[in-house]
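Data block below; observations after.
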Amino acid sequence: HQLRDRDKDRSAGRTAVPRMRIETPEAMALLGARIAAELRAGDLVLLNGELGAGKTTLTRGIGEALGVRGAVTSPTFVLARTHPRVVAGTVDDAPLVHVDAYRLGSAMELDDLDIDFPASIVVVEWGAGLTDGITDDWLQIDIVRPHGGDESAEVEPREVTLTGHGERWGRWVDALGD
């Protein structure tokens, strides 16, 4: 099983699953739905990967599974987009906040977006180095696109690594291999 040989670094408070192969955009959205089932207000998901890797596709899967209103699209030009949940007024109605931090130069600029992290589920694309100190527990997802692959292939598979930082997400990543 590809998830069994995970790298555990308990001293740093993280657990990583070796790369998973995601064959299609639909499978990437399904991974997003699986992650969404664990999300609640105050959660942070950090997405890393080059342009076209599948970060927004994964976030779309998260949004659909959470039941957000409207389509989840890349927030590239607006930096952050808030997607309210269709069923508001319930215990788990935290909005999904989708951030594209590509053009942000510092954590201060992320802070200037005035995101209510404790009351929201926040997904940050391109946020490496910008989210330190926001929370003790977060999920990091690294997506790698193939280079020099089969040019005739309509869809190229992606390699995805999940890293759980902190106790909660570390346990969740551990459970993926069980």
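The values are calculated or read from the model by the stated rules, or taken from the named source; none is laboratory data. Not measured: the values here are computed from a predicted model. Note that each Cβ is placed from the backbone with ideal geometry, even for glycine, and that neighbours are counted across all protein chains shown. The protein model used for the area step is the full one, side chains on, heavy atoms only, and it has no ligands, DNA or RNA in it. Shrake-Rupley method; radii C 1.70, N 1.55, O 1.52, S 1.80 Å.
Brief remarks follow.
- Meets criteria (open to solvent by 50 Å² or more (accessible area, probe 1.4 Å), within 18 Å of Ala33 (Cβ to Cβ), modelled with pLDDT under 90 and part of a helix (DSSP H, G or I)) for Ala65: no
- Some residue of the stretch 156-165 being modelled with pLDDT under 90 and surrounded by 14 or more Cβ atoms within 10 Å (Cβ to Cβ): yes
- Matching residues, the stretch 58-77, being touching a Ser or Thr at 6+ places or on another chain (Cβ under 9 Å) and of a type in the set (D, E, K, R): Arg60
- Residue in the stretch 78-97 that is at pLDDT 90 or above, open to solvent by 20 Å² or more (accessible area, probe 1.4 Å), within 11 Å of the chain's Cα centre (by Cα) and over 26 Å from Glu23 (Cβ atoms) present: no
- In the condition set (1) modelled with pLDDT under 90; (2) in a helix (DSSP H, G or I); (3) open to solvent by less than 50 Å² (accessible area, probe 1.4 Å), Leu104 is compliant with all but (2).
- Breaking point among (1) open to solvent by less than 40 Å² (accessible area, probe 1.4 Å); (2) modelled with pLDDT of 85 or more; (3) at negative phi, for Gly49: (3)
- Against the conditions (1) out of contact with any Asp or Glu (no Cβ under 6 Å at 6 or more places or on another chain); (2) outside any strand (DSSP E or B), Arg168 satisfies every one except (1).
- Within the stretch 107-125, being open to solvent by less than 70 Å² (accessible area, probe 1.4 Å) and in a loop (DSSP other than H, G, I, E, B) holds for Leu113, Ile115, Ser120.
- Subset of the stretch 126-140 (residues that are on the phi > 0 side of the Ramachandran plot and surrounded by fewer than 17 Cβ atoms within 10 Å (Cβ to Cβ)): Gly129, Gly133
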